[in-house]
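Worksheet for the structure shown next.
The values are calculated or read from the model by the stated rules, or taken from the named source; none is laboratory data. No experiment lies behind these values; they were computed from the predicted model shown. A quick note on method: Cβ atoms are made from the backbone with ideal geometry, for glycine too, and the neighbour counts reach across all protein chains shown. The accessibility values were calculated without ligands, DNA or RNA, using every heavy atom of the protein model including side chains. Shrake-Rupley method; radii C 1.70, N 1.55, O 1.52, S 1.80 Å.
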Number of protein chains: 2
Amino acid sequence: MMVSLNGSLLPADEARIASTDRGFLLGDGLFETMCVRHGSILRLDAHLERLRRGAGFLGIPVPADDLPSLLGDVLSVNGLVEASLRLTLTRGRGPRGVLPPAAPSPTLLITSAPKAAPLPPAHCVIATTTRRNEHSPLSRIKSLNYLDAIIARQEAASRGGDEAILLNGAGRVAEASAANIFVVEDGKLVTPPISEGALPGVTRAAIVARGAVERSVAPAELSHAQGIFLSSSLGLREVLSIDGLAVPAMPADVLTELSGALWPE
Amino acid sequence: MMVSLNGSLLPADEARIASTDRGFLLGDGLFETMCVRHGSILRLDAHLERLRRGAGFLGIPVPADDLPSLLGDVLSVNGLVEASLRLTLTRGRGPRGVLPPAAPSPTLLITSAPKAAPLPPAHCVIATTTRRNEHSPLSRIKSLNYLDAIIARQEAASRGGDEAILLNGAGRVAEASAANIFVVEDGKLVTPPISEGALPGVTRAAIVARGAVERSVAPAELSHAQGIFLSSSLGLREVLSIDGLAVPAMPADVLTELSGALWPE
């Protein structure tokens, strides 16, 4: 598989990062994961807008390269039309210390993978080991600081689950370890607002634009839901159970219709 | 300058990291910064214990190598006796996705730098952009997820300050962006407990062992303190002002005595 590193295409195992890269040393960077269908990157503008917003906030310059072309190059060189892409942007090399260099020279890595099988419906746990930090702007940026999600996913695995649902510091539902969460209540789709520590997911925004309601969700509501599913850029995933309690099956057609609209065949 | 990468000594600019390293892609790792005086690594056992505790919690195997020897090798090859060392341990390469591989092959990087000049006394701000997450076990691990500290330090710089003090989600004082905080009240040294989101600093523990008191600190207390200083593995740093309000000078001899005890000349 070929990757793009700072604008050059090269074999993945030749793509090496400087050991002084602040992405490696301090998690100082961000990323996007995108879905490719029939050779088109779905919701590319929304992904690039989120990237630029996050980079602007962190003060990481976005390379002048034509990002859509670079993404397209990675797909073509690998002969992929049904795929996923990951774009990683870090602040690049820096001297020791927390404060970033005044004129960073960022690192841009683009990798791809063939389309994976859809994720099967998930048994979930509510993470008890960690919480999302709704007081940090990082909860609104897809940053490289992913250890809370990793810890939560490890907890899910250790408890026999597939995914973890994270609460925020106030004890309300925020999101899953690598997905947003939607709950069916009174026939409506409900999802926690960004202010609760939910990542502003690109798919989440598309579902909200189709009428889902943003409001706070208490953990107790999950046990009364008429259905629950998770959303990420790569697809929707029905929730079968939470902490061992069965969740009702999603109303017929809701997931099929949403998936069909958001990931056109 | 030579560095140690997975047990091999090589020039820093030849030490390259795989672009699939989870430390780079997800901040999946931890580090230690250590102070070297007269060729000895100060409080080495405490640093290695914290590293092993964090690695154990995250499920990252600590390489079987003799870590003190590897650290010593980096000092000798660079001819350093007054220096600092940084040891970075990541989960190494992994497949895509949040869940770690079952049998990770970690990456171990050790770098060094000559002794730096002591940090001058600091003008501080109380960060308004972000908070420490006392609900996350990451607040008790020196992980690679350093973006909250970076954001806080950028805020300090943008407001003309040298360092940022971070509050926790409950609005109480946790620590500085890369240091613990000590406040003099009624002639006693007071520092926020670990449960408030303070990193369990090695120097912090040494000061507590010498009689400093651990208890919650409200931001308002900072303006009544008889003195404030910051502690890190590399030294103590007096606080001159917070949010533009002058802080009384530290009582004579307290810093000199502590520094002399913790960093013997």
Scan of region A:217-265 for residues that are among the β-branched types (Val, Ile, Thr) and open to solvent by less than 40 Å² (accessible area, probe 1.4 Å), ordered by number: A:217, A:228, A:239, A:242, A:247
Single residue of region A:131-160 satisfying the filter (more than 10 Å from chain B (Cβ to nearest Cβ) and within 18 Å of the chain's Cα centre (by Cα)) that is most open to solvent (accessible area, probe 1.4 Å): A:140
Selection count where residues are open to solvent by 60 Å² or more (accessible area, probe 1.4 Å), closer than 21 Å to residue A:203 by Cβ and of a type outside the set (Lys, Arg), scope region A:48-67: 1
Unique residue being over 30 Å from residue B:169 (Cβ atoms) and of a type in the set (Asp, Glu) when the list is A:265, A:196, A:214: A:265
Failed item in (1) open to solvent by 10 Å² or more (accessible area, probe 1.4 Å); (2) in contact with a Leu (Cβ under 6 Å, 6 or more places away or on another chain), with residue A:189 passing the rest: (2)
Test for residue A:200: is it closer than 28 Å to residue B:128 by Cβ, open to solvent by less than 10 Å² (accessible area, probe 1.4 Å), out of contact with any Leu (no Cβ under 8 Å at 6 or more places or on another chain) and more than 14 Å from every other protein chain (Cβ to nearest Cβ): no
Selection within region A:98-130 - open to solvent by less than 70 Å² (accessible area, probe 1.4 Å), facing chain B (nearest Cβ under 8 Å) and in a loop (DSSP other than H, G, I, E, B): A:98, A:100, A:129, A:130
Residues (closer than 19 Å to residue A:151 by Cβ, over 21 Å from the mean Cα position of the chain (by Cα) and either among the hydroxyl-bearing types (Ser, Thr, Tyr) or within 11 Å of another protein chain (Cβ to nearest Cβ) (or both)) located in region B:80-97: B:94, B:95, B:96, B:97
Condition check for residue A:252: closer than 27 Å to residue B:101 by Cβ and among the small types (Gly, Ala, Ser): no
Some residue of region A:87-95 being farther than 25 Å from residue B:153 by Cβ and without any contact (Cβ under 8 Å) to a residue 60 or more places away in the chain: yes
Total residues in region A:168-179, condition surrounded by 24 or more Cβ atoms within 10 Å (Cβ to Cβ) and either hydrophobic (A, V, I, L, M, F, W, C) or touching a helix residue (DSSP H, G or I) at 6+ places or on another chain (Cβ under 6 Å) (or both): 6
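What are the residues in region B:1-47 that are touching a helix residue (DSSP H, G or I) at 6+ places or on another chain (Cβ under 8 Å), at the interface with chain A (Cβ under 10 Å from one of its Cβ atoms) and open to solvent by 30 Å² or more (accessible area, probe 1.4 Å), if any?
Correct list: B:20 only.
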Filter result (outside any strand (DSSP E or B) and among the aromatic types (Phe, Trp, Tyr)) within region A:1-43: A:24
Any hit, region A:44-66, residues being touching a His at 6+ places or on another chain (Cβ under 9 Å), under 18 Å from residue B:27 (Cβ atoms) and not in a helix (DSSP H, G or I): no
Some residue of region A:215-225 being of a type in the set (A, V, I, L, M, F, W, C), over 20 Å from residue A:130 (Cα atoms) and more than 19 Å from the chain's Cα centre (by Cα): yes
Hits in region B:255-265 (condition: of a type in the set (A, V, I, L, M) and in contact with a strand residue (DSSP E or B) (Cβ under 7 Å, 6 or more places away or on another chain)): B:255, B:258
Criterion (over 21 Å from the mean Cα position of the chain (by Cα) and aliphatic (A, V, I, L, M)) met by exactly one of A:62, A:36, A:77: A:77
